[in-house]
Amino acid sequence: MAQPSLPGDDRGPRLAALDAARGVALLAMIAYHFSWDLADFHIVGWNVASGPGWQVFARTVASSFLIIVGISLVLSLRHGFRPAAFLRRLVILIVAAALVSFGTWWFAGDALAFFGILHLIAVGSVVALPLALFAPSWLVGLAAVAVFAAPQYLAAPVFNAPSLWWLGLTTVTPRSVDYVPLLPWLAPILIGILAGRALLGFSAGSPLVHWRPGNAAARLAAWAGRWSLAIYLIHQPVLIGILSVVAPWIPPDPAIEQTVFTRDCTQSCAAIEREAPFCAAYCSCVFRGIGGTDLMTAVRGGMTADQTTRWSSIIGQCRMDDADAPSGE
């Protein structure tokens, strides 16, 4: 029985090194998502959503995954193009992407993953297929550069229509928990095609071709790589389910609550184009009013009528305090 993985790999003899590389990328992605969940449940104060270091980590992991998709696509074509096998993998991936969209809509509402990494792999595999089949390597490399640079030069308000968000040429980033548009993210797949062609140039006696996992960590990575699609689909529901049970038993840390609230508040304040000094003073004032009270939990989970009244009073007082503050002139 064929073992499931992210579509694009060959169904013949598997390359254990590629399975392990895919597994490492998958485990790194799970680590990122778990960190996001810990922050979302206010168990830690990490700025996973927009911290520069976290963004670099997330993009590195996603790029690694997509490069492996390109490599796998080339390896799957080494005995010729098999339409039935390609379409089968494509259908599996489309169904998986639809499940992710539905699941994220259920949990995140309008921030659903309407075009996440699985959607990109599905569309990117179709777009990249002619290049993998027919284009010389120099043209694939040129296409990768053009795709990577396209959002810097072609983004325009006309692409802000929701029906065109998947292209990646918007001037405003759409709200989504997983947004991986075609441009520039097709570029790593194209780079993977070049890497796959280089891999095919290795001799049959190459150590990379004959590598086998020799310890528990390597075996775990290779196993995860073989079952990558199934693991990808279930890991977040499992993690969120565990944290939903565990988090209520963890006493809130006032320092974390203040860090998270102040960061989110100042970002929201800046988004409506208020000046940084105002946002800092206003958010600090609001936290002094709600910190350590039931309003901290209510802000995240909805408010009763009484809580809404108290919240409005605190907001009004903080705005008044700011208005009464000396201008510094």
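Structure summary
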quantity: Alpha carbon centroid spacing (whole Å) that separates segment 181-200 from segment 84-105; calculated: 21 Å
quantity: In sequence order, calculated HN-Hα J values of segment 239-249 (Karplus, 6.51, -1.76, 1.60; Hz; x Gly/Pro); calculated: 4, 5, x, 5, 5, 4, 7, 7, 4, x, 8
quantity: Per residue Cα convex hull volume in Å³ - calculated over segment 183-298; calculated: 223 Å³
quantity: Summed residue charge, Cβ within 15 Å of Ser101's Cβ, Lys/Arg positive, Asp/Glu negative; calculated: -1
quantity: Pair Ala271, Thr60: separation of 7 Å Cα→Cβ label points (nm); calculated: 2.8 nm
quantity: MRE, 222 nm, helices only [DSSP H, n ≥ 4, -39500 (n - 2.57), over the chain, to nearest 500]; calculated: -23000 deg cm²/dmol
quantity: Selected from Ser35, Leu233, Gly80, residue furthest toward positive end of dipole (the chain; charges at beta carbon); calculated: Gly80
quantity: Long-range amide H partners of Tyr179 with built H, under 5 Å; calculated: none
quantity: Nearest-0.05 FRET efficiency for Val44 and Thr308, computed from C-beta distance (R0 30 Å); calculated: 0.55
quantity: Segment Ala281-Leu99, extension gain: residue separation times 0.36 nm, minus the distance between their alpha carbons; calculated: 61.2 nm
quantity: Folded to 0 to 90 degrees: helix 16-40 orientation relative to the chain principal axis, Cα; calculated: 10 degrees
quantity: Shape of segment 22-95, Cα gyration tensor, a/c cut at 1.5; calculated: prolate
quantity: Nearest-0.05 FRET efficiency for Asp294 and Gln152, computed from C-beta distance (R0 45 Å); calculated: 0.45
quantity: For Cα Rg over 2.2 N^0.38 Å, calculated from these coordinates, the label among (1) 1.19; (2) 1.06; (3) 1.69; calculated: (1)
quantity: Solvent-accessible area per residue, Å², over the chain with all protein chains present [probe radius 1.4 Å]; calculated: 54 Å²
quantity: Cα-based helix-to-principal-axis angle, 52-76 vs the chain, degrees rounded to 10; calculated: 20 degrees
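The values are calculated or read from the model by the stated rules, or taken from the named source; none is laboratory data. All of these numbers come straight from a predicted model, not from anything done at the bench. Every residue, glycine as well, gets a Cβ built from its backbone with ideal geometry; the counts of neighbours run over all protein chains shown. Note: accessible area is taken over every heavy atom of the protein model, side chains too, but ligands, DNA and RNA are not part of it. Shrake-Rupley method; radii C 1.70, N 1.55, O 1.52, S 1.80 Å.
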